[in-house]
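Notes to accompany the following structure.
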Amino acid sequence: MTQTDSAASTNRVVTCPACGGASLYASSNPYRPFCCVRCRQVDLGAWASERFKVSVAPAPTDVQDVPWPGTSA
Ligand SMILES: [Zn+2]
């Protein structure tokens, strides 16, 4: 890390969202902000599975049987 900001404005190093490592955020890195194609695929897979999980989750059947305190009064 001996770069100066003035000369390296287009070659920023950011944190890879997948592995937390250093990633070159530049046009030479087609996988930015990820550091490599593997990290990019891993993140997309995690995002897809998480989205799938959320779409399946809403099933609050138990909550409907619970009476609110004070509604019977
Ligand atoms: Zn990475």
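Taking N as the residue count of segment 12-52, its C-alpha radius of gyration divided by 2.2 N^0.38 Å amounts to 1.16. Placing dummy labels 7 Å off each Cα toward the beta-carbon, the span from THR15 to ASN29 is 1.4 nm. Residues whose amide H falls under 5 Å from that of ARG12, counting only those 5 or more places apart or on a different chain, are TYR25, with hydrogens built in the peptide plane.
Each value in this text was obtained by applying a stated rule to the coordinates, not by laboratory testing. Small disclaimer: the values here were computed from a predicted structure and weren't measured. We place every Cβ from the backbone using ideal geometry, glycine too, and count neighbours over all the protein chains shown.
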